[in-house]
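Chemist: Let me begin by handing over the structure; questions about it come next.
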Amino acid sequence: MNELLRRLFFLPEQGSTFAVKVDHLHYVLLLTTFAVAVGIGAVGIFFLVRYHRRTASDPTPRVVAAPWMEALFIGVPLSLFLLWFVLGFKQFVWVMSPPQDSLDVYVTGKQWMWKFTYPGGPSAIDRLVVPAGRPVRLLLTSRDVIHSFYVPDFRMKRDAIPGRYTDLWFEAPRPGRHLVLCAEYCGLDHSQMRGEVVVLPPADFEAWQDAQRRNLPVAALPGARTPESMAVRGERVAAAQGCLQCHTVTGAPHIGPTWLGLYGRKEPLEGGGVVLADEAYLTESMMDPLAKVVAGYAPVMPGYHGRLSAEDSGALVEFIKSLRPPRPGVTAAEEPVYVPTGR
Amino acid sequence: MSPPAAESYLSDGRTVWSWLTTHDHKRIGVMFLGLTLFFFFLGGLFALALRIELLTPGRTVMGHLAYNRMFTLHGVTMVWLFMIPAIPSAFGNFLVPLMIGARDVAFPRLNLASVYLYVLGASVALWGMFEGGADTGWTFYTPYSTTTGTAVLPVLVGVFIIGFSTILTGLNFIATVHTLRAPGLTWMKVPLFVWAIYGTSIIQVLATPVLGMVLLLVALERVVGAGIFDPARGGDPILFQHLFWFYSHPAVYIMVLPSMGVISEAVSAFSRKNAFSYRMIVYSTLGIAFVGFFTWGHHMFASGQSTFGSGAFGAMSMLVAIFTAIKIFSWLGTLYRGSIAIESPLIYTLGFMFFLFFGGMIGVAYATTSLNLHWHDTYSVVAHFHFIMVGATVMAFLAALHYWFPKMSGRCFPKKLANGAAVLIIFGFIATFVPQFLLGNLGMPRRYADYPPHFQSLHVASTAGASLLAFGFLVIAAYLAWSLRYGAAAGDNPWGSEGFEWRSASPPPTHNFTTPPEYPTGPHEYAREEVPHAA
């Protein structure tokens with residue numbers, strides 16, 4: 001019955017626990033609507049035939065609704081509507097309240113791609129990998145204009161808004177793949193801003209996440225390798241090489257200078273003088289860190305000469321270059337603290 | 001093709017200048033009718049272009065930028081240049097004074113000014129659209145609208161100017177209905193169309209200034225970087241949505257309330273019956289005008305608005321739906337034991353009732369909040385508001401156009417052809433918009449120039465329906481244009497209607513009434529006491 005009605009109404013696959021619940025309410029509402037619409041249509045056509053005008057001056061009686069009829073016309077739809085509202089709002093409250101034990105994933109919308117970042121692990125573009133049978137909470141924000149994260153199979157969407165966070169949770173009961181669309185108009189390639197949710201069996205998900213963290217390609221698993229830009233690669237390298245243990249990407253000084261907005265900045269040096277943090281200086285500082293130490297920091301950084309491939313050091317430079325406050329006037333604190341503002 | 005015999009408002013000065021400087025509410029109504037019909041034609045062309053592009057996934061005839069500009073053009077033209085002025089400014093201007101036994105509206109010169117403001121605003125907006133082509137959609141959501149490189153500014157300014165035209169028209173009607181009703185025409189005898197225009201006018205006067213403010217703020221943001229809505233400057237983009245929908249939700253009732261008034265008149269005239277429940281219709285009109293102001297948050301269930309807030313807005317939206325349901329039952333009751341004439345206005349009326357009910361019930365489904373999370377910003381919403389805007393308002397506009405065509409022009413149109421066209425329009429409408437409901441269920445987001453291939457079959461069906469609809473409109477345009485010149489003289493009251501506007505000649509003389517009309521009963525009282533009802 002569920003399957004029949006779902007296909008009849010052109011609803012997509014039920015990919016989340018919420019989808020099953022909400023579809024049932026959907027069937028009840030649409031079938032009631034059809035029934036009443038057919039009823040109204042039938043009464044209208046019956047009146048049309050029964051009271052069809054025969055002569056131009058047919059006499060008609062004066063009929064006025066009795067008060068009990070008016071009360072009926074108000075009362076019946078009102079109680080029906082309120083019943084539906086109560087049923088629907090109960091589901092709404094349930095789906096707006098993420099469970100305590102959910103897996104958090106940060107989602108950043110950007111013209112015109114989705115970026116998914118796991119607090120302890122990797123990040124990926126346009127592909128969200130989650131375990132089946134476990135609630136997942138998405139924390140959404142945007143780097144530019146408003147987007148809306150929409151998975152039709154989950155019957156769920158939420159706007160991603162620059163400068164603030166919204167959240168959404170779902171639980172996908174079965175492994176599978178689900179289309180992600182952007183539902184809030186965001187400019188030229190709005191219709192191309194697509195992604196996918198890959199739901200893996202829990203064991204496969206653990207394996208995938210471990211592999212991602214250890215930076216090993218696991219060809220057998222979907223989502224193991226996304227085509228990546230240098231900046232994304234640099235972000236991965238930075239995590240793998242431990243750069244981020246001393247350098248933050250949020251603007252906060254730590255053991256070393258922050259990378260946020262570093263590229264192009266004029267840095268005062270220990271012992272006098274100023275250096276422009278360009279590609280050359282950044283690379284020099286990786287390979288021979290003690291040559292030019294920024295004023296106020298201890299000379300503690302190990303040299304990476306011979307430990308970083310050219311591709312990796314270039315990727316790191318690109319990553320640092322990409323770390324800038326997204327627009328003039330935005331302070332670093334408004335940016336997600338835990339999401340490297342990559343790409 | 002002899003001109004109408006008696007002196008009428010049409011023969012009182014035949015130069016273009018006499019039209020451009022007229023203070024006559026009837027001529028102003030006719031001018032608005034011509035202008036809104038022109039913009040309806042333009043908006044329809046834009047819609048066809050969209051439908052053609054959507055025939056295939058990927059590029060069919062235009063690229064993404066052109067598509068984005070096209071749907072903005074379609075939305076801005078249809079909402080502000082056609083829907084909002086169509087019934088109030090055209091038919092309202094022509095009929096309200098006739099229906100209440102007045103010589104003109106309260107402020108005739110202000111009335112003329114509203115025509116010129118409308119033309120000015122429309123010109124500025126369209127100039128901007130064709131010069132730089134805004135690509136924000138008619139909703140101008142920030143921060144996209146404050147950062148996009150396209151010509152948003154002239155469109156904002158144009159709509160701002162049109163807003164003043166709307167406010168002046170509304171103000172004029174409120175003053176007219178309060179002060180110029182003929183002696184004896186008490187409030188509870190006022191025709192239901194006048195009540196509908198009165199309710200609409202209240203919304204226009206209260207809501208439109210908010211639109212003006214928000215458009216001005218977006219303009220400030222673009223020009224001097226005011227930082228009100230753009231988060232990059234410390235602003236709040238959600239504030240824009242609250243302000244915009246505080247206007248734009250009531251604006252839906254600006255578009256649909258007058259159409260309900262038309263239907264109340266047409267149902268009575270073509271079934272020769274008094275309204276089944278006059279007072280329910282009056283109170284629900286005022287109820288919609290009032291409660292309509294407290295439902296705007298139902299456009300923002302997915303925006304991260306508080307759960308409690310969404311619930312409150314959902315519950316209020318259910319109340320607005322009740323008022324509409326009451327009206328549908330009253331119209332149906334009016335048909336009961338009537339003498340129903342199958343004429344084009346009645347066919348449109350039946351279509352109106354069905355589409356309003358269906359579209360309205362989908363609105364009720366959205367108001368349950370949980371169902372909205374799937375449908376929000378998809379083709380389901382597109383279909384829903386087209387059911388209300390086209391299925392209800394355009395049907396009512398066509399009903400009004402046919403019902404009052406003899407009143408305005410003094411001529412008849414070919415009735416059989418009109419009935420056929422009405423049926424064509426109704427089927428074309430169903431074929432266009434039912435597939436869009438299903439597209440929404442399937443998960444097709446709105447404002448997509450391109451789409452994944454599994455949506456295609458329903459898009460093809462919708463485009464096929466749209467061409468049927470377009471053909472229907474062309475047929476109507478052809479026979480009405482022909483009838484303007486060659487139609488048979490209609491006589492004063494060709495429908496045998498007891499509506500008050502038919503008490504003056506058709507077309508009416510410049511001064512409307514030669515003797516002051518009297519109002520012993522309310523409108524549409526057809527029952528003759530000496531004729532007992534048969535069984």
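Chemist: What's the exposure ranking of B:Leu45, B:Leu474, going from fewest to most Cβ atoms within 10 Å?
Modeler: B:Leu474, B:Leu45
Chemist: Further question: Got a sec to turn the phi values of the stretch B:469-485 into Karplus ³J(HN,Hα) couplings, 6.51 cos²θ - 1.76 cosθ + 1.60 with θ = phi - 60°, whole Hz, x for Gly and Pro?
Modeler: Coupling constants for the stretch B:469-485: 4, 4, 4, x, 5, 5, 4, 4, 4, 5, 6, 5, 5, 5, 5, 3, 9 Hz.
Chemist: Tell me, what ³J(HN,Hα) does each residue in the stretch B:256-272 have, in order and in whole Hz, if you take phi through Karplus 6.51 cos²θ - 1.76 cosθ + 1.60 with θ = phi - 60° and put x for Gly and Pro?
Modeler: Running phi through 6.51 cos²θ - 1.76 cosθ + 1.60 with θ = phi - 60° gives 9, 4, x, 5, 5, x, 4, 5, 4, 5, 5, 4, 5, 5, 9, 10, 6 Hz.
Chemist: Oh, and also: Based on DSSP loop calls and a cut-off of at most 16 other Cβ atoms within 10 Å, the longest stretch of chain B free of exposed GluC sites (Glu not before Pro) is what? Let's see the in-between values first.
Modeler: Working: sites that count: B:Glu7, B:Glu518, B:Glu525, B:Glu529, B:Glu530.
Result for the longest clean stretch: B:8-517.
Chemist: Hey, what angle do you get for helix A:230-240 against the long axis of chain A, alpha-carbon based, 0 to 90 degrees rounded to 10?
Modeler: The angle comes out at about 70 degrees.
Chemist: Let me ask something additional. For the residue pair A:Lys266 and B:Tyr283, what label-to-label distance in nm results when each label sits 7 Å from Cα along the Cα-to-beta-carbon direction?
Modeler: 7.7 nm
Chemist: List residues of the stretch B:233-256, by number, whose backbone nitrogen lies under 19 Å from a label position 7 Å along Cα→C-beta of B:Val224.
Modeler: B:233-236
Chemist: Just rank B:Trp404, B:Trp296, fewest to most, by other beta-carbon atoms within 10 angstrom. It would help to have the intermediate numbers written out before the result.
Modeler: Values: B:Trp404 27, B:Trp296 22.
Listed from fewest to most nearby Cβ atoms, that is B:Trp296, B:Trp404.
Chemist: Using r as the Cβ-Cβ distance of B:Arg485 and A:Ala37, and R0 as 35 Å, what FRET efficiency do you calculate, to the nearest 0.05? Write down the numbers at each step before the final one.
Modeler: Numbers: r = 41 Å, r/R0 = 1.17.
Approximately 0.30, to the nearest 0.05.
Chemist: Additional query: Under a Cβ-only charge scheme (Lys and Arg +1, Asp and Glu -1), can you give me the dipole magnitude of chain A about the Cα centre, in debye to the nearest 20?
Modeler: Values: 34 positive and 32 negative charges, 240 e Å.
It comes to approximately 1160 debye.
Chemist: What is the fewest-to-most order of B:Cys412, A:Cys243, A:Cys182 by other Cβ atoms lying within 10 Å of their Cβ? Walk me through the numbers before you get to the answer.
Modeler: Details: B:Cys412 16, A:Cys243 22, A:Cys182 29.
Starting with the residue having the fewest Cβ neighbours, the order is B:Cys412, A:Cys243, A:Cys182.
Chemist: Once amide H atoms are built 1.01 Å from N in the peptide plane, which residues 5 or more positions from A:Val275, or in another chain, come under 5 Å H to H?
Modeler: Close amide H contacts, sequence-distant or interchain: A:Glu267, A:Leu269.
Chemist: While we're here: Place a label point 7 angstrom from the Cα of A:Glu3 along the Cα-to-Cβ direction, then list the residues of the stretch A:23-49 whose backbone nitrogen is under 18 Å away.
Modeler: Answer for this model: A:23-24.
Chemist: Cut-off under 13 Å on the C-alpha distance; same-chain residues fewer than 8 positions from B:Lys273 excluded. Which aspartates and glutamates are left, in chain and number order?
Modeler: A:Asp58, B:Glu265, B:Glu498, B:Glu525
Chemist: Among the aspartates and glutamates, select those whose C-alpha is under 16 Å from the C-alpha of B:Lys416, and discard any that sit fewer than 8 residues away in the same chain.
Modeler: Once the sequence-local aspartates and glutamates are set aside, what remains near B:Lys416 is B:Glu343.
Chemist: As I understand it, the dipole of the stretch B:174-268 uses +1 on the Cβ of Lys and Arg and -1 on the Cβ of Asp and Glu, about the Cα centre. Which of B:Ile197, B:Ser248, B:Leu217 lies farthest toward its positive end?
Modeler: Checked the options; the winner is B:Ile197.
Chemist: Among B:Phe357, B:Gly496, B:Ala47, which residue has its Cα positioned farthest towards the positive end of the charge dipole of chain B, with +1 placed on the Cβ of Lys and Arg, -1 on the Cβ of Asp and Glu, and the dipole taken about the Cα centre?
Modeler: After comparing all options, I get B:Gly496.
Chemist: Once amide H atoms are built 1.01 Å from N in the peptide plane, which residues 5 or more positions from A:Ser142, or in another chain, come under 5 Å H to H?
Modeler: Residues meeting the amide H criterion: A:Gly109, A:Ile161, A:Gly163, A:Arg164.
Chemist: For the stretch B:303-429, with only Lys/Arg (+1) and Asp/Glu (-1) charged at the beta-carbon, what is the dipole magnitude about the Cα centre, in debye rounded to 20? All intermediate terms of the calculation are to be shown ahead of the outcome.
Modeler: On the way: 6 positive and 2 negative charges, 110 e Å.
Taking the Cα centre of the stretch B:303-429 as origin, the dipole is about 520 debye.
Chemist: For the protein assembly as shown, build the charge dipole from Cβ charges (+1 Lys, Arg; -1 Asp, Glu) around the Cα centre, then report which of B:Leu398, A:Tyr51, B:Gly101 sits farthest towards its positive end.
Modeler: Positive-most Cα among the choices belongs to A:Tyr51.
Chemist: If you restrict to DSSP beta bridges whose two residues both lie in the protein assembly as shown, what percentage is antiparallel, to the nearest 5?
Modeler: Numbers: 31 of 45 bridges.
Approximately 70 percent, going by the DSSP bridge assignments.
Chemist: Work out the length of the dipole vector of the protein assembly as shown about its Cα centre, built from +1 on the beta-carbon of each Lys and Arg and -1 on the beta-carbon of each Asp and Glu, and round it to the nearest 20 debye. Working shown, then result.
Modeler: Values: 60 positive and 53 negative charges, 350 e Å.
For the protein assembly as shown, the charge dipole is close to 1680 debye.
Chemist: Sticking with this structure for a sec: Could you pull out every one of the lysines with an alpha carbon less than 30 Å from that of A:Lys115, ignoring same-chain neighbours closer than 8 positions?
Modeler: Leaving aside lysines fewer than 8 places away in the same chain, those within reach of A:Lys115 are A:Lys21, A:Lys157, A:Lys321.
Chemist: Further question: Multiply the residue gap between B:Met188 and B:Val460 by 0.36 nm, knock off their C-alpha separation, and tell me the result in nm, one decimal place. Each step should come with its number before you reach the end.
Modeler: Working: separation 272, 0.36 × 272 = 97.92 nm, distance 4.97 nm.
Contour length minus the Cα-Cα distance gives 93.0 nm.
Chemist: Compute the angle between helix B:152-179 and the longest alpha-carbon principal axis of chain B, please, reported from 0 to 90 degrees and rounded to the nearest 10.
Modeler: Orientation of helix B:152-179: about 30 degrees from the principal axis.
Chemist: Here's another thing I want to ask about it. If I take every Cα pair under 8 Å that is 6 or more residues apart in chain A, average their sequence separation and divide by the length, what percent do I get for the relative contact order? Could you put the intermediate results ahead of the total?
Modeler: Values: 540 pairs, mean separation 45.3, N = 343.
Here the relative contact order equals 13 percent.
Chemist: Kindly give Rg over Rh for the stretch A:103-213, based on alpha-carbon atoms, with the Kirkwood expression for the hydrodynamic radius.
Modeler: Numbers: Rg = 13.2 Å, Rh = 13.9 Å.
Result for the stretch A:103-213 is an Rg/Rh of 0.95.
No value in this document is a laboratory result; all are computed from the given coordinates. Note that the structure is a prediction, hence the values are computed from the model and not measured. Here the Cβ is made from the backbone with ideal geometry for all residues, glycine too, and neighbour counts use every protein chain on show.
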